[in-house]
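Here, each number is a calculation from the coordinates, and none is a lab measurement. In this text, all values refer to a predicted model and were calculated from it rather than measured experimentally. Here the Cβ positions follow ideal geometry from the backbone for every residue, glycine too, while neighbour counts run over all protein chains shown.
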Amino acid sequence: MRRLRILVHAVATIPIVVASSSTTRLAAQDLTPPSAKVIARIDTLHGDIRTDNYFWIREKTNPEVISYLNAENAYTAARMKHTEALQQRLYDEMLGRIKETDLSVPFRDHGYWYYNRTEKGKSYPIRLRKKGSLDAPEEVIIDENALAAGKKFSQLGDFAVSPGSSRLAYLHDTTALRVYTLYVKDLRTGALLGDSISSVVPSVAWANDTVLFYQTADSARRSNAVWRHVLGTPKSSDVKVFQEDDVLDNVGVSRSKSGKYIYISDDGFTSSEWRMIPTATSTAMPQVIAMRRPNVEYGIDDIDGFFLMTTNDGARNFKVQRIPTNAVNSGQWVDWIPHTDSVFIEFLEPFKNNVVVVERSGGLRRLRVVDLKSNATHYITFPEPAYAVSPTQNAEFDTPTLRFSYSSMITPPSTFDYNMATKQRELKKRVEVPGYDASRYEVRRFMVTARDGAHVPVSMIVLKNGWKQDGTHPLLLYAYGSYGATTEANFNSSVLSLVDRGFGYAIAHIRGGQEMGRQWYDDGKMMKKKNTFFDYIDVADYLEKQSYTSKDRMIANGGSAGGLLMGAITNMRPDLFRAVVADVPFVDVINTMMDASIPLTAQEWQQWGDPHIAEQYAYMKTYSPYDNVARKAYPWLLVTTSLNDSQVGYWEPAKWVAKLRALKTDSNPLYIKINMAGGHGGSSGRYDVLRERAFRYAFMLDAVGMTDSP
């Protein structure tokens with residue numbers, strides 16, 4: 001295809017005031033929007049003049065930029081000050097639904113029982129174990145509160161105990177940039193070993209108690225290399241066992257559940273190539289399991305004597321093939337679970353005598369158990385019409401027990417142990433939600449016909465009594481719709497603060513996810529990406545026409561790629577929503593996808609398109625939120641971001657807000673809230689997360705005039 005160098009954006013015609021330290025230090029009582037005090041500048045990037053008036057906001061080390069962001073926060077705080085009491089009430093309500101001191105359900109691995117404890121007043125969990133029996137003395141593996149002491153941000157990445165249970169490898173990030181330091185702890189003495197390695201990215205995998213594999217990234221933070229480290233040796237002697245130079249692919253490393261192999265995955269959005277190293281010969285070089293082929297994706301598991309491949313080779317909804325482990329070089333894979341148009345195979349959970357096939361049909365996940373001796377299969381059934389279920393904490397290979405987590409919009413997360421031989425299940429724990437009564441709520445699930453005839457599932461929770469479908473109730477409509485990520489209809493105790501006030505809470509399972517199979521994802525990316533936005537708009541339009549809510553009572557919400565959705569629908573149908581909350585939104589699509597130095601950019605050319613290609617640029621330009629801001633009225637807008645967000649740069653939402661202020665013709669509120677220490681997910685501590693959520697909900701309630709509602 002013909003490739004172009006493209007000038008992005010036209011110069012704004014509205015004069016804007018210069019951004020100096022004196023003009024951007026906004027006092028809390030100053031209610032003038034900061035971006036009304038910022039000059040339009042023409043900047044230079046890579047030698048090309050970019051007529052992007054707000055590109056300078058990307059200069060993170062510039063004190064003027066930090067001053068401007070602080071001014072935005074001060075403006076938002078001043079304009080939201082009247083909701084502070086409401087924010088506190090919401091925080092207290094949400095915190096009141098959490099059992100602050102609690103234990104997770106222990107799971108068994110290599111003779112130990114592992115579990116977590118949370119304690120009232122502490123922001124992070126304490127990771128624990130007991131040897132042999134739950135009556136044994138408790139060992140503290142790691143206290144995340146101690147790790148976080150004195151730090152504005154603290155996040156534990158991968159966490160792996162060695163096969164002999166004597167050592168712990170963990171990754172810790174204090175920057176919010178998802179760049180970790182690897183530490184190794186001797187669990188017998190509690191001492192940290194001298195094997196600290198910086199600038200590591202997830203994840204890590206033990207071959208044995210002395211050999212450890214880890215990953216590093218390139219300059220764009222793309223995971224591109226796997227290294228072998230022998231405990232007690234300097235980092236300089238570590239061996240790079242694999243490196244992927246193709247910027248479209250990401251590398252991963254893991255230990256198979258059987259314990260027999262180290263897997264190195266090398267995946268892009270359209271093709272895969274996996275390698276393996278037997279843990280018994282950990283110094284061997286990795287062997288390719290199946291060569292990469294265009295448009296063929298696959299994943300690998302192993303059972304006794306066989307590799308299993310879950311692949312889309314000639315199977316849009318994926319199938320499972322197998323091959324003897326000693327014949328992998330022959331390439332003679334045999335179909336084991338065939339492809340079907342009606343069932344999408346997501347992944348496998350392998351055991352010694354069974355394989356659990358995690359699949360999706362009719363928009364809902366199913367668990368199919370296959371007996372490896374008899375080939376008999378059966379399904380685990382669930383009682384509700386809409387739910388979320390997933391295998392969890394299945395560390396042991398040789399066991400008849402599958403553990404899974406189950407929830408619905410009215411059922412709190414519930415941990416079950418399921419005996420795959422007897423088909424009996426045991427509820428180990430249901431998360432306690434103080435004061436919660438499920439009988440007060442009702443779940444609705446229905447299909448909305450989109451403009452092209454596609455049927456979009458919608459899951460919704462409302463009060464059982466007092467809620468009427470008469471158009472008078474406010475409604476929060478959430479969606480994501482990207483990367484094939486499925487939005488499950490699971491339990492959310494926080495949203496009850498809205499539902500209890502008369503809100504409906506709905507999830508639109510739009511294209512771009514995989515709720516309805518692989519085609520659902522394919523029809524919501526690249527040159528079909530606008531289906532994602534159209535689906536959301538069509539669902540919102542249906543909810544209004546069917547009197548679930550009204551245009552002046554409907555609130556839209558999404559984050560990250562779902563924030564792109566928010567930006568697009570705000571430009572396309574601003575009249576349809578009273579308010580929009582866009583969290584860490586990916587809104588500057590063209591500029592970001594032009595710059596391969598930004599994390600995630602290059603590999604996502606297969607997700608959104610490559611703007612260096614004329615046809616793809618033209619399509620992206622039709623929906624990119626930043627490029628389509630126009631002189632017209634917009635709904636209430638709250639935009640959130642974090643200064644250290646490594647996935648969506650803070651400058652994207654900051655630029656978007658500045659441009660909106662310059663062009664929008666209404667007087668509706670437009671706020672941006674910047675977490676100056678957080679990352680893509682905001683703050684790391686659980687109490688800070690609730691504070692941030694209370695702020696969002698207060699904005700929503702303010703938008704519909706319910707700040708004083710009980």
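Quick notes on this one:
- Among 138, 488, 64, the ranking by other beta carbons within 10 Å of each residue's beta carbon, starting with the fewest, stands as 138, 64, 488.
- Stretch gain in nm, segment residue 239-residue 51, where the contour uses 0.36 nm per residue and the Cα spacing is subtracted: 63.1 nm
- Shape call, region 102-430: gyration tensor on alpha carbons, a/c limit 1.5: oblate
- Vicinal HN-Hα couplings computed from phi for region 426-443 (Karplus, 6.51 cos²θ - 1.76 cosθ + 1.60; Hz; Gly/Pro x): 10, 6, 7, 6, 10, 4, 7, 10, x, x, 8, 10, 4, 5, 7, 10, 10, 9
- Modelled spin-label separation between residue 614 and residue 199, with each label point placed 7 Å from Cα along the Cα-to-Cβ direction: 4.1 nm.
- Helix 530-545 vs. the chain, principal-axis angle (Cα, 0 to 90°, nearest 10): 70 degrees
- This structure gives Kirkwood radius over Cα pairs in Å, computed directly, and of (i) 27.9; (ii) 27.2; (iii) 30.2 that value is listed as (ii).
- Under 5 Å, built H, 5+ apart or other chain: amide partners of residue 193: 184, 185, 186
- Whether region 206-261 is rounded, prolate or oblate, judged on the alpha carbon gyration tensor where a/c under 1.5 counts as rounded: oblate
- If you wrap region 164-226 in the convex hull of its Cα atoms and look at it from every side, the mean projected area works out to 4.5 nm².
- Remark: the residue 686-residue 334 segment gains 122.0 nm on full extension, using 0.36 nm per residue and subtracting the alpha carbon distance.
- Reach of residue 257 by Cα under 25 Å, taken over lysines that are not fewer than 8 positions away in the same chain: 130, 131, 185, 240, 319, 352, 373, 423, 428, 429
- Shape call, region 221-313: gyration tensor on alpha carbons, a/c limit 1.5: oblate
- Mean separation of Cα pairs under 8 Å and 6 or more residues apart, divided by the residue count, gives the chain a relative contact order of 10 percent.
- Kirkwood-based shape ratio for region 561-665, expressed as Rg/Rh from alpha carbons: 0.96
- Range of Cα positions in region 61-177 per principal axis (Å), largest first: 57, 37, 19
- Residues 187, 248 in ascending order of nearby Cβ atoms (within 10 Å, fewest first): 248, 187.
- Residue-wise HN-Hα couplings along region 635-648, as the Karplus relation 6.51 cos²θ - 1.76 cosθ + 1.60 with θ = phi - 60° gives them from phi, are x, 4, 9, 10, 10, 10, 7, 9, 4, 9, 5, 8, 9, 10 Hz; Gly and Pro carry x.
- When the charge dipole of the chain is built from unit charges on Cβ atoms (+1 for Lys and Arg, -1 for Asp and Glu) and taken about the Cα centre, the candidate among 217, 262, 75 whose Cα reaches farthest toward its positive end is 75.
- The relative contact order of region 642-699, computed from alpha carbon pairs under 8 Å that lie at least 6 residues apart in sequence, is 43 percent.
- Relative to the Cα centre, the charge distribution of the chain, modelled as +1 at Lys and Arg Cβ and -1 at Asp and Glu Cβ, gives a dipole magnitude of about 680 debye.
- Residue order for 185, 551, fewest other beta carbons within 10 angstrom first, comes to 551, 185.
- Only Cα pairs under 8 Å and 6+ residues apart enter the sum, and on that basis the relative contact order of region 102-430 stands at 7 percent.
- Efficiency of FRET between residue 191 and residue 99 - r from beta-carbon atoms, R0 30 angstrom, step 0.05: 0.35
- Between residue 390 and residue 313, the distance separating the two model label sites (each 7 Å from Cα on the Cα→Cβ line) works out to 2.9 nm.
- Full extension of the chain segment joining residue 177 with residue 210 gains 9.0 nm, where the gain is 0.36 nm per residue of separation less the Cα-Cα distance.
- For region 352-450, the fraction of alpha-carbon pairs in successive 5 Å shells from zero, as %: 2, 11, 21, 22, 17, 12, 8, 5, 2, 0
- Residues of type lysines that residue 60 reaches as a straight line, Cα spacing below 24 Å, ignoring anything fewer than 8 places off in the same chain: 37, 151, 152, 655, 659, 673
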